[in-house]
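Quick notes on the structure that follows.
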Amino acid sequence: MNKVTGPLCLEQATHEIKSLYLLKPLYFCHTGEALWDIQYEFFKPNMGMRSDSQNILILITDGESRDNVSLHSQHLRDDGIEIYTIGVKNVNEAQLRTIASDPDEIHMFSVIDSSFLLDIVANLTTNLCNSANSLALSSTKDVK
């Protein structure tokens, strides 16, 4: 696992990301297990999660999970974690929809080949910034 720390500037983002974890492909078609591990090992205060920050998970996959993704993704969403899914090549789009937060039009992306990932960067960046900024706006309204 690689840990990247420090500020990450996105076009409209106003928040600093304290830590970003990049999981190496260790789960080999066991996305449900990976989602469970992410929830219970990474989205914790001792791992950098803050209650005043939007919690966002971006799942990138190039296949179909062999285990249950529905239960684990629902637990993440129930804990307030917003999930974006990006499918590359031969993905099961029904699974991507199951994992992704609603609405799918904002949270789910699919490309036919990794060379097309750059085509979704603008929309993904805008959606991520809107998500991050929506927490800031709702916090400002709560203070008034």
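None of the figures in this text is laboratory data; all of them are computed from the coordinates on show. In this text the structure is predicted, and so the values were computed from the model without any measurement. In this analysis, Cβ positions are derived from the backbone assuming ideal geometry, glycine residues included, and neighbour counts consider all displayed protein chains.
Laid out as a table, the results:
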| read-out | value |
| --- | --- |
| Fraction in percent of alpha-carbon pairs per bin - 10 Å, the range 95-136 | 26, 51, 21, 2 |
| Cα centre as origin, Lys/Arg/Asp/Glu Cβ charges: the range 89-135 dipole, Debye | 100 |
| For the range 22-119, alpha-carbon Rg relative to the globular expectation (2.2 N^0.38 Å, N residues) | 1.05 |
